[in-house]
Amino acid sequence: MGDSQGPRRYWHWDWRLMLFSGLFLPLLLGLGVWQLQRAEFKQQQQVQWDQQTSELAWPQLVEQGLDAGRPVQLNGSYGDTTWLLDNRTRDGMAGYEVLTVFYPLQGPALVVNRGWVIAPRTREQLPEIPATQKWVEISGRLADFPQPPVLAAVQPGSGWPRRVQSLPPEVAQDVVPELPRLILRLADQNQPGALRADWAPDRMAVATHYGYATQWFALALMLTILTVVASYRKAAD
């Protein structure tokens with residue numbers, strides 16, 4: 001009777017395969033550990049920011065140094081200086097993001113992204129921006145100035161609100177010199193002065209780092225399994 005179990009296999013040392021695995025396995029594991037460290041850092045940073053939001057006033061936060069993603073609460077009023085960021089779409093409809101200078105009771109002014117508004121039918125018309133109460137309390141997160149790629153420079157108008165293709169901090173600071181180099185995106189549509197403030201979630205949130213770490217560790221496990229399988233050869237070979 002023949003051997004029903006088939007040909008036996010044995011371990012075959014292939015230095016090229018081991019070299020490949022030896023180089024890439026530590027790299028994959030290192031990337032996974034790095035993503036876990038980034039997730040832990042962001043988690044600790046978020047806890048610290050949440051504590052500082054209730055403990056530190058706006059002037060103290062500015063003096064300490066501002067970071068994108070930090071939550072901020074402000075009391076003050078919207079000014080008359082508004083930029084309309086062009087070519088912003090929602091649900092396939094053209095529109096603008098409305099960026100208005102906000103003047104806190106204390107500390108420097110800053111630009112607030114109030115959300116999206118649909119564009120009128122003709123380019124000659126600008127959207128009507130709803131008026132807000134004199135004194136309001138708003139909350140949101142700091143973000144970078146919107147600077148999408150622009151194919152051709154367009155000269156902004158002279159009045160307000162002013163249509164722009166992008167808004168670098170230098171352009172805004174030419175109008176209000178005290179502005180910091182970050183803006184505030186309103187937390188949601190329930191904030192005073194908010195329009196359609198349905199922002200996409202932070203792409204590099206804590207959960208995202210954990211997801212990346214899982215991917216790197218899964219690749220490391222797959223590489224290990226493939227290396228072991230490929231190292232066993234049939235005795236007939």
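Per the Debye formula on identical point scatterers at the alpha carbon atoms of the stretch 90-193, with no solvent, log10 I(q)/I(0) at q = 0.17 Å⁻¹ is -0.90. Considered as an equivalent ellipsoid built on the Cα gyration tensor, the stretch 100-143 has semi-axes of 26, 12, 10 Å, the largest given first. The residues neighbouring Pro120, those whose beta-carbon lies less than 12 Å from its own, together hold a net charge of +1 under the Lys/Arg +1, Asp/Glu -1 convention.
No value in this document is a laboratory result; all are computed from the given coordinates. Only a predicted model underlies this, so the values are computations on that prediction, with no experimental measurement involved. Note: ideal-geometry Cβ built from the backbone for every residue, glycine included; neighbour counts use all protein chains shown.
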